[in-house]
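Values in this text are rule-based calculations from the coordinates and carry no lab data. Not measured: the values here are computed from a predicted model. Virtual Cβ from ideal backbone geometry, glycine too; neighbours counted across all protein chains shown.
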Amino acid sequence: MIIARWYCQARFGHKQELIEKTREWWSTIGREIGQTDYTITTGSVGVAESVIAVDLRVADMATLNAQWDKLAERADHREWGKAIESLVVSGSTRWEIYRVVE
């Protein structure tokens, strides 16, 4: 099993709106492509408050890549990306992949 963490920082004053858009994405588009085992977190202590992270639990990289391939074909995913552009600190988004040990 792996954990794929999607990470970004919200622009000042836009954190709650970005959280809502993120919840909406994972409950619709994410669910439809099979990304159903996830947790949305935000910065608290020792990390910037503006951080929003989604930890997605997936069987393996092949499964994750297949899900990402599905995203490439979706106009609604591209529209979502454009809709959150003004809410996200430019250049702050990234994916981190972790292997689950236990």
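How many residues are part of a strand (DSSP E or B) and either of a type in the set (Phe, Trp, Tyr) or over 16 Å from residue 60 (Cα atoms) (or both) if we restrict to segment 1-13?
Keep residues of segment 1-13 that are part of a strand (DSSP E or B), which gives 2-10.
From what's left, either of a type in the set (Phe, Trp, Tyr) or over 16 Å from residue 60 (Cα atoms) (or both): 6-10.
Selection size over segment 1-13: 5.
Check whether at least one residue in segment 42-65 is loosely packed, with under 14 Cβ neighbours inside 10 Å and β-branched (Val, Ile, Thr), and report yes or no.
In the first step, residues of segment 42-65 are kept if they are loosely packed, with under 14 Cβ neighbours inside 10 Å; the result is 44-49, 59-62, 65.
Now drop any that are not β-branched (Val, Ile, Thr), which leaves 45, 47.
Yes, some residue in segment 42-65 is loosely packed, with under 14 Cβ neighbours inside 10 Å and β-branched (Val, Ile, Thr).
Working only within segment 1-54, note down all residues that are under 18 Å from residue 86 (Cβ atoms) and among the polar types (S, T, N, Q).
Result: 9, 16, 22, 50.
Would you be able to tell me the number of residues in segment 41-68 that are free of Cβ contacts under 8 Å to residues at least 24 places away in the same chain and hydroxyl-bearing (Ser, Thr, Tyr)?
So the answer is 2.
Take the residues in segment 60-102 that are over 14 Å from residue 32 (Cβ atoms) and among the aromatic types (Phe, Trp, Tyr), then tell me which one is farthest from the chain's Cα centre (by Cα).
So the residue we want is 98.
Within segment 14-37, can one find any residue that is in a strand (DSSP E or B), in contact with an Asp or Glu (Cβ under 9 Å, 6 or more places away or on another chain) and without any contact (Cβ under 8 Å) to a residue 60 or more places away in the chain? Walk me through it before giving the result.
So the first thing to find is which residues in segment 14-37 are in a strand (DSSP E or B), and the list is none.
There is no residue in segment 14-37 that is in a strand (DSSP E or B), in contact with an Asp or Glu (Cβ under 9 Å, 6 or more places away or on another chain) and without any contact (Cβ under 8 Å) to a residue 60 or more places away in the chain.
Is it true that some residue in segment 6-19 is surrounded by fewer than 16 Cβ atoms within 10 Å (Cβ to Cβ), over 17 Å from residue 90 (Cα atoms) and within 12 Å of the chain's Cα centre (by Cα)?
So far as segment 6-19 goes, no, none of its residues is surrounded by fewer than 16 Cβ atoms within 10 Å (Cβ to Cβ), over 17 Å from residue 90 (Cα atoms) and within 12 Å of the chain's Cα centre (by Cα).
Would you say residue 102 is among the charged types (D, E, K, R), part of a loop (DSSP other than H, G, I, E, B) and loosely packed, with under 15 Cβ neighbours inside 10 Å?
On the way: among the charged types (D, E, K, R): yes; part of a loop (DSSP other than H, G, I, E, B): yes; loosely packed, with under 15 Cβ neighbours inside 10 Å: yes.
It is true that residue 102 is among the charged types (D, E, K, R), part of a loop (DSSP other than H, G, I, E, B) and loosely packed, with under 15 Cβ neighbours inside 10 Å.
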